[in-house]
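Some notes on the structure that comes next.
The values are calculated or read from the model by the stated rules, or taken from the named source; none is laboratory data. On a predicted model such as this, the values are computed, not experimentally measured, just so you know. No Cβ is skipped: glycine too gets one built from the backbone with ideal geometry, and neighbour counts run over all protein chains shown. Keep in mind that these areas ignore ligands, DNA and RNA; they rest on the heavy atoms of the full protein, side chains included. Shrake-Rupley method; radii C 1.70, N 1.55, O 1.52, S 1.80 Å.
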Amino acid sequence: MKITGIELRRIAMPLVAPFRTSFGTETERDVLLLRVVTPDAEGWAECVAMTDPLYSPEYVDGAADVLRRFLIPALPTHPDAHRVGRALHPFKGHRMAKAALETAVLDAQLRTTGQSLATFLGAAKDRVPSGVSVGIMDSIPHLLDTVDDYLHQGYLRIKLKIEPGWDLAPVRAVRERFGDDLLLQVDANAAYTLTDAPHLTKLDDHDLLLIEQPLANDDLLQHAHLAKLLKTPICLDESIESAEHAAAAITLGSCSIINVKPGRIGGYLEARRIHDLARAHGVALWCGGMLETGIGRAANLALAALPGFTLPGDTSASRRYYATDITTPFELREGHLDVPTGPGIGIDPIPDILEEVTTSTEWITL
Ligand code: SMG
Ligand code: MG
């Protein structure tokens, strides 16, 4: 497969409602899209980096910079996704930028051969159960109304964002209002330290599926200590940047569940490695989200259909994020989203909508 050029496109996507986490509030998603052009097919991918380096060290301008200066020039002459991974390996870090490039190449490759990403990865089902991530709110009544609305839409699992000062009370209120059968979990985005352990043990009373990333991104050892103090299972998100991190976390006992985000760990090939490793060790997986448009969501749904993804993911319907998505919107049916079946990621941006939200484009000839 010969690549003739790659387009870097920035789009601005207003969120339907502000999304507050322990590290900040998002009102608009500033997304970097990649389009890989070959004589036979085009491949699309979405970079999950956010505007500011608050969730992780990467950020959108940095991802665009490393792509144009280092990663794209290093592409082999006739790349496939595996060769792209090897060619980018010498460059340290920048896994979000690498994931976008590898995924766009993989999409072009699969569209050329007519295979879906789901089949390529080894998907075992044609629809996946949907959870929804609920931001930190200004009040408990507002939170309860929001959760109530999501449950009416059919979401099968609720994740509450937490931080010091917004943890026990919202969890207790949601449990009391919606009952013990609700699948409920929390995500701290690294907002606590090990000294908060006595406080965090109070979450054990609420029968949570898991607590996600309570401690800092690089605190594998401290997560292992915390895991011994909590009954609630620990799930790692930010800490797991590769299969090697997953192996270390599993060996240390830092987590018993992993939130896999292909865009955070360098792509779908690495996600497949984590899948196989975690499955062999009895570690449960689910697919996370980074407020993706339909382009990133389509690819995540293919991964979420693998047999090791046994918990509902943050793969919500398009309307949870955007009034108008850049693709045909993904819609909830009985709490599930369908896994795309077409070649590659199985979906394309709608040209007119894409143009409307585009803030810049850059063409790199290869
Ligand atoms: O895509 O539904 C989504 C967002 C899910 O909570 C979510 N993502 O730490 O898991 C996480 C966060 C990271 C992005 S927050 C802006
Ligand atoms: Mg998380």
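Data table
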| read-out | value |
| --- | --- |
| Cβ-based net charge around residue 304, under 13 Å, with every Lys or Arg adding one and every Asp or Glu removing one | +2 |
| For residue 356, solvent-accessible area (1.4 Å; no DNA, RNA or ligand), Å² | 150 |
| Solvent-accessible ranking of 286, 363, largest area first, probe 1.4 Å | 363, 286 |
| Cα centroid separation - the stretch 81-97 against the stretch 245-279, whole Å | 17 |
| Modelled FRET efficiency - R0 56 Å, residue 362 with residue 201, Cβ distances, 0.05 increments | 0.65 |
| Shape category assigned to the stretch 26-74 from the gyration tensor of Cα positions, a/c cut at 1.5 | oblate |
| Within-9-Å neighbourhood charge of residue 235 [Cβ basis; K, R +1; D, E -1] | -3 |
| Label-point separation, residue 91 to residue 77 (7 Å along Cα→Cβ), nm | 2.1 |
| When each of 98/159; 98/231; 2/261; 98/228 is checked by Cα-Cα distance, pairs over 32 Å | 98/231; 98/228 |
| Residue-level accessible surface for residue 229, protein heavy atoms, 1.4 Å, Å² | 100 |
| Gain in span if fully extended, residue 28 to residue 152, counting 0.36 nm per residue against the direct Cα distance | 42.1 nm |
| Fraction of alpha-carbon pairs over 30 Å apart in the chain - percent | 34 |
| Residue 279 paired with residue 193, simple spin-label distance in nm, labels 7 Å along Cα-to-beta-carbon | 4.1 |
| Solvent exposure ordering (accessible area, 1.4 Å, most first) of 281, 94, 275, 336 | 281, 94, 336, 275 |
| The chain: most fluctuating residue of 307, 198, 79 per GNM, C-alpha cutoff 10 Å | 198 |
| Residue-averaged [θ]222 nm for the chain, counting only DSSP H segments that reach four residues, each worth -39500 (n - 2.57) | -9500 deg cm²/dmol |
| Relative packing of 262-269, 309-316, which averages over residues the other C-beta atoms within 10 Å, highest first | 262-269, 309-316 |
| Heavy-atom SASA rank of 355, 334 (probe 1.4 Å, accessible area, largest first) | 334, 355 |
| In the stretch 64-143, the trypsin sites (Lys or Arg not before Pro) that fall in loop regions by DSSP, at most 13 other Cβ within 10 Å | 92 |
| Residue 313 long-range amide H proximity, modeled H, under 5 Å | 131, 287 |
